[in-house]
Amino acid sequence: MEINDALIDHIASLARLGFNGEEKEEIKKDFSRMIAFVDKLRELNVEGIEPLIYLNERKCFWREDVPGEELSRNDALKNSPSKDSDYFLVPKVLEK
Amino acid sequence: MLKHTEYEPVIGLECHIQLLTNTKMYSSDRVEYGAPPNSRLSPITLGHPGTLPRINKKAVEMAIILGKSLGCTITKRNEFARKNYFYPDLPKGYQITQDKTPICTGGHVTFRLNGQEKKVNLIRIHMEEDSGKSIHDLDPFNTLVDLNRAGTPLLEMVSAPDLRSGEEAYAYLYEIRKIVRYLGICDGNMEEGSLRCDANISVRRKGKSGFGKKVEVKNLNSFRHVQKAIDFEIQRQIELLEKGAIIVSETRAFDPAKGITISMRTKETAQDYRYFPEPDLSPIILTDDFIQKTFEQAPELPSVVFKRLTQEFNLPEYDATQLTENKEFALFFLQTSQHCKHYKSISNWLLVPVKNYLNENGIGLHELSLTPLQLAEIIELVESGKVSHTQAVQKLFPAVIQTQKKPAMLIHELDIVLQTNASELESVIQDILNRYPEKVAEYKKGKKGLLGLFVGEAMKATKGKSDPKAINQLLLEKLNQS
């Protein structure tokens, strides 16, 4: 897999991160190393082997529809960097 | 406009159905519309580190009930996936949804439009969670975020592109609302956003089988908007094609004030949701037995009730349509029919006097203190000639509601028992004819309209306690014999 500028830009925008020229070169190198490391797995023959997604598969681990503990509004808002007494505040999101 | 007939619109709807559960899809904080902002939250909903989601069993049962009612195949092994995107009202940065294993596949919705039955196939119904709400217009400098709605259980229902007009889309969505209300899984309130819908619209030359470039229209939060947005979009696309322009596959928003759709100009790259399996939720494995037992509790669909009303109870389609419009009325009819076999009369009573009474008092049927048995008794009294229909509607019906006394007793208390003594009635009528010899003569010369005058006099003389039909008959006999 080729790690090029376009891919880095795409991933950066998905992660809401910005890299300047130097940083971009750095991250490109990091990414290439990581991909090469994981590419090692391609050497294995996995034909006929189902992917293992859930390490601990428990059948129907669901809950009844009964209300449980809730946070107070104060607690819910506590860790937010920006808030008023009722709401989380975020920079103006442009409508549409 | 001229070219309109050469094109065929192709429309599919995606509906989001908010489930009437007590708690959220993956956590046990309450679901409650209109609660104070940020007061229905848990660390799971907020996506705090170290928290683990757990599936709401009730939401799964509701999905099974909807799916089985619509003839869908129920998926036995239900896996969940993360759909990643960045938005302030999505606290985790991803939505837990179903990607490759939607709980329902196939199935169809049938509805009636202009007397015709129309069938729309379904592609899938899957379980997911709602986002929070961003409020843009309360604060000039910030967007406010209320996360109460985050995590509310949703079913997303995707139709095949089987709809051909805005009117059909309206009727389809209307049927969906009736269905979810009948099944008791959603309140179907579009204004409050508990039922929402996006439309995929394209047009193609008539007779062609491929599809044109499709446009997705969002923000359709009323039935009228759905129809208007689709009709506008069809016209816009046809005009573009006629000009030789190209239709861009894009997302557009409906502007209700102007009645037009506007491009949302989302970048192509923003659509990369990077689905991957949700590692925190084990798959839900459903057995045939569980699916069967869950479906056994499901109420009947409105279309099934419609068929019963027309076939089993011989009601005209108009009556059946009106009654099934509202689940309460349909149920009230069915319950009354167990006490009284005059089915058409039950329907007439529900659709006219009862409905009028509800409208005048601004209440719903469930708030009316009238039982199906009481209505059946009133109808039986009318049908057996004990009381006239008019008196029953004007006096007996309100009296039953107010006093809760037996209708058979009330007709005596109200003194509205029909005069059935024929000889008494005959002498009353003879008296009237004797009083108006000139009118009788005029009638005989051909002024047949005078019959009404005689009937009115007779009703007055018997204080409304005689059967107008009997009076009519006796009068005609007398007038025609001499």
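The values are calculated or read from the model by the stated rules, or taken from the named source; none is laboratory data. Just so it is clear, the model here is predicted, and its values are computed rather than measured. Quick reminder, even Gly has a Cβ in these numbers, built from the backbone with ideal geometry, and neighbours come from all protein chains shown. Surface accessibility is based on the protein's heavy atoms, side chains included, excluding ligands, DNA and RNA. Shrake-Rupley method; radii C 1.70, N 1.55, O 1.52, S 1.80 Å.
Of note:
- Every residue from segment B:82-100 that is within 12 Å of chain A (Cβ to nearest Cβ), part of a loop (DSSP other than H, G, I, E, B) and buried (at least 19 other Cβ atoms within 10 Å of the Cβ): B:Asp89, B:Leu90, B:Pro91
- Residues of segment B:462-477 that turn out to be assigned to a helix (DSSP H, G or I) and buried (at least 16 other Cβ atoms within 10 Å of the Cβ), as a count: 5
- Selection within segment B:58-81 - within 11 Å of chain A (Cβ to nearest Cβ), within 16 Å of B:Glu128 (Cβ to Cβ) and not acidic (Asp, Glu): B:Lys58, B:Ala59, B:Val60, B:Met62, B:Asn78, B:Phe80, B:Ala81
- Only one of B:Phe333, B:Phe329 that is away from chain A (no Cβ under 14 Å), more than 23 Å from B:Val109 (Cα to Cα) and open to solvent by less than 20 Å² (accessible area, probe 1.4 Å): B:Phe333
- The single condition among (1) open to solvent by less than 80 Å² (accessible area, probe 1.4 Å); (2) over 25 Å from B:Thr23 (Cα atoms); (3) facing chain B (nearest Cβ under 7 Å) that A:Pro67 does not meet is (2).
- B:Lys133 within 32 Å of the chain's Cα centre (by Cα), basic (Lys, Arg) and under 30 Å from B:Ser39 (Cα atoms): yes
- The single residue among B:Val393, B:Val304 that is touching a residue at least 12 places away in the same chain (Cβ under 8 Å), hydrophobic (A, V, I, L, M, F, W, C) and either open to solvent by 20 Å² or more (accessible area, probe 1.4 Å) or out of contact with any strand residue (DSSP E or B) (no Cβ under 8 Å at 6 or more places or on another chain) (or both) turns out to be B:Val393.
- Within segment B:101-140, tally of residues that are farther than 30 Å from B:Ala81 by Cβ and without any contact (Cβ under 8 Å) to a residue 24 or more places away in the chain: 7
- Strands (runs of 3 or more DSSP E) wholly inside segment B:133-242 that include at least 2 residues being more than 14 Å from every other protein chain (Cβ to nearest Cβ), open to solvent by less than 10 Å² (accessible area, probe 1.4 Å) and modelled with pLDDT of 95 or more: B:153-159, B:195-205
- Each residue in segment B:243-258 was checked for being touching a His at 6+ places or on another chain (Cβ under 8 Å) and surrounded by fewer than 13 Cβ atoms within 10 Å (Cβ to Cβ), and 0 pass.
- Residues that are aliphatic (A, V, I, L, M) and either modelled with pLDDT of 95 or more or closer than 24 Å to B:Lys58 by Cβ (or both) within segment B:105-132 comprise B:Val109, B:Val120, B:Leu122, B:Ile123, B:Ile125, B:Met127, listed in sequence order.
- A:Phe31 vs. criteria more than 7 Å from chain B (Cβ to nearest Cβ), part of a loop (DSSP other than H, G, I, E, B) and surrounded by 11 or more Cβ atoms within 10 Å (Cβ to Cβ): no
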